[in-house]
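Some notes on the structure that comes next.
Nothing in this text is a laboratory measurement; each read-out follows from the coordinates by a stated rule. Just so we're clear, the structure is a prediction, and the values are computed from it rather than from any experiment. Neighbour counts are summed over all protein chains in view; Cβ atoms, including those assigned to glycine, are modelled from backbone coordinates with ideal geometry.
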Number of protein chains: 2
Amino acid sequence: MSKIDLKTETKILNAAKKVFVRKGLDGTRMQEIADEAGINKSLLHYYFRSKEKLFEAVFNEAFRQFIPKVSEAIESDIPFFRKIEIFVDTYISMLINNPHIPIFVLHEINRNPDKLISFMQSQGLRPEILLKSAMKEIEQKRIINIDPRHLVINMLGMCIFPFIAKPILKGVIFNNNEKAFMNFIQERKKEIPKFIINSIKKK
Amino acid sequence: MSKIDLKTETKILNAAKKVFVRKGLDGTRMQEIADEAGINKSLLHYYFRSKEKLFEAVFNEAFRQFIPKVSEAIESDIPFFRKIEIFVDTYISMLINNPHIPIFVLHEINRNPDKLISFMQSQGLRPEILLKSAMKEIEQKRIINIDPRHLVINMLGMCIFPFIAKPILKGVIFNNNEKAFMNFIQERKKEIPKFIINSIKKK
DNA sequence: GTCTATATTGTGATAGAC
DNA sequence: GTCTATCACAATATAGAC
């Protein structure tokens with residue numbers, strides 16, 4: 001199915017995601033979404049009533065992507081260190097495919113923290129369940145000597161930060177060489193688990 | 001000198017920083033800055049000509065704050081691990097006092113990466129010098145077995161991420177208890193260096 | 001320097017023909 | 001469902017009195 005044959009509603013959502021994610025709610029113009037979708041501005045309102053409603057549809061999907069999906073890995077009985085490797089690899093792969101999701105989601109949440117709770121509820125998202133089950137497992141492992149909350153946040157920070165700070169890091173460290181930067185990101189799939197496991201495993 | 005006695009230009013800059021940092025360039029209204037400063041909208045243009053110019057003044061200062069100042073620590077001959085402790089402690093302390101700086105700076109840079117170079121040049125900022133001198137030092141230490149670029153980015157990510165993701169983390173991990181969250185941040189001044197040093201020191 | 005009033009343009013949203 | 005035309009208001013910026 002070629003791009004031109006997509007239903008109008010799908011074309012709008014794709015275009016809206018592209019523009020909203022790059023420019024944010026405040027920076028996005030309805031006209032630009034219409035242009036991106038190759039349709040008329042009025043159709044946006046016909047399908048989504050208002051800019052706010054269209055934004056919510058986009059944000060909900062982006063937020064769901066952003067929250068790591070780890071239920072299967074966490075609940076399986078593979079070794080703990082292996083779970084870390086799988087998580088980092090999977091999550092960084094997702095970020096490579098959606099590099100602008102983190103700064104978009106985090107900016108919008110900081111811009112309007114009040115909406116966070118309703119967003120999560122409307123999406124049926126309960127990240128605290130995943131996090132708590134992860135934390136519980138970490139606590140049960142006697143080999144580890146670290147507050148699981150710090151461990152989880154360290155891991156997330158190391159995975160996400162390069163994508164959020166990409167323009168600076170790419171410029172300062174890699175002379176704006178995109179390929180070199182992306183190669184470096186690939187390395188981190190191995191480097192981050194190594195770094196974590198080195199730190200927390202018994203000496 | 002009480003707040004009401006400040007020069008008008010200073011009052012404007014303070015108000016503009018407050019509003020821009022919280023709402024971003026696109027989300028900020030000149031009227032709101034005027035209200036925050038307790039003056040008339042026209043005065044903003046009298047002092048800064050345009051919204052863009054006023055924004056640049058605010059952004060330049062925020063960006064300078066955001067770039068870690070480490071020259072003294074790096075150039076001194078204190079032990080390497082101690083330098084890490086000092087850096088993390090100093091940088092997190094700055095972030096506690098300016099918690100919204102990271103998401104503001106990183107959002108605006110992602111929104112308009114082209115401006116990054118001119119911003120840095122106009123500010124005389126050369127973060128690559130600091131970074132490279134830090135990397136050089138790291139490479140010279142034979143005790144360490146890690147790519148210095150990964151080490152630096154890991155450290156920055158662990159320091160900055162909790163501030164960027166604060167609304168989510170505070171909600172999910174700390175039931176929106178502000179005090180508990182800030183206490184956790186304080187812990188990280190010790191936890192992050194411990195985590196790093198555990199990982200990279202010779203076994 | 002500071003204010004009020006106004007110009008000018010941009011932008012979300014709607015009405016109505018087809 | 002899709003388009004053109006237009007409304008209503010918001011927002012940056014300027015003119016001019018004091």
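The table below lists the values:
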{"read-out": "Overall dimensions of segment A:3-61 by Cα: Rg and Dmax, Å", "value": "10.1, 30"}
{"read-out": "Karplus (6.51, -1.76, 1.60) ³J(HN,Hα), θ = phi - 60°, over segment A:18-25, in Hz, Gly and Pro reported as x", "value": "4, 6, 4, 5, 7, 10, x, 4"}
{"read-out": "³J(HN,Hα) computed for each position of segment A:155-167 - Karplus, 6.51 cos²θ - 1.76 cosθ + 1.60, integer Hz, glycine/proline x", "value": "5, 4, x, 5, 6, 7, 3, x, 6, 6, 9, 3, x"}
{"read-out": "P(r), alpha carbons of the protein assembly as shown - 20 Å bins starting at zero, rounded %", "value": "24, 56, 19, 0"}
{"read-out": "In segment A:29-96, the trypsin sites (Lys or Arg not before Pro) that fall in loop regions by DSSP, at most 16 other Cβ within 10 Å", "value": "A:Arg29, A:Arg49, A:Lys69"}
{"read-out": "Neighbouring partner chain Cβ atoms per residue of A:190-202, average, 10 Å criterion", "value": "4"}
{"read-out": "Projected label distance in nm at B:Asn112 and B:Ile78, using a 7 Å step from Cα toward the beta-carbon", "value": "3.8"}
{"read-out": "Residue mean of other protein chain beta carbons inside 10 Å, B:116-124", "value": "1"}
{"read-out": "In segment B:3-61, lysine pairs closer than 17 Å at Cα, eight or more apart or cross-chain", "value": "19"}
{"read-out": "Segment A:83-142 - convex hull of the alpha-carbon atoms, volume per residue in Å³", "value": "108"}
{"read-out": "Dipole in debye (nearest 20) - segment B:3-61, about Cα centre, beta carbon charges: Lys, Arg +1; Asp, Glu -1", "value": "60"}
{"read-out": "Estimated inter-spin distance, B:Asp26 and A:Glu128, nm [label 7 Å along Cα→Cβ]", "value": "3.1"}
{"read-out": "Listed residues B:Ile101, B:Ile146, B:Phe59: farthest to the positive end of the dipole of chain B (Cβ charges)", "value": "B:Ile146"}
{"read-out": "Residue order, fewest to most surrounding Cβ atoms within 10 angstrom, among A:His150, B:His107", "value": "A:His150, B:His107"}
{"read-out": "Relative contact order (%) - criterion: Cα under 8 Å, at least six apart; region: segment B:67-200", "value": "36"}
{"read-out": "Residue-averaged beta-carbon neighbours from other chains (10 angstrom radius) around A:147-157", "value": "6"}
{"read-out": "C-alpha center-to-center spacing [segment B:121-168, segment A:100-176] in angstrom", "value": "19"}
{"read-out": "Convex hull volume per residue for segment A:1-116, taking Cα atoms only, in Å³", "value": "132"}
{"read-out": "Assigned charges on the beta-carbon of Lys, Arg, Asp, Glu; segment A:16-169 dipole about Cα centre (debye)", "value": "240"}
{"read-out": "Dimensions in Å of chain B - Rg and Dmax from alpha carbons", "value": "19.6, 65"}
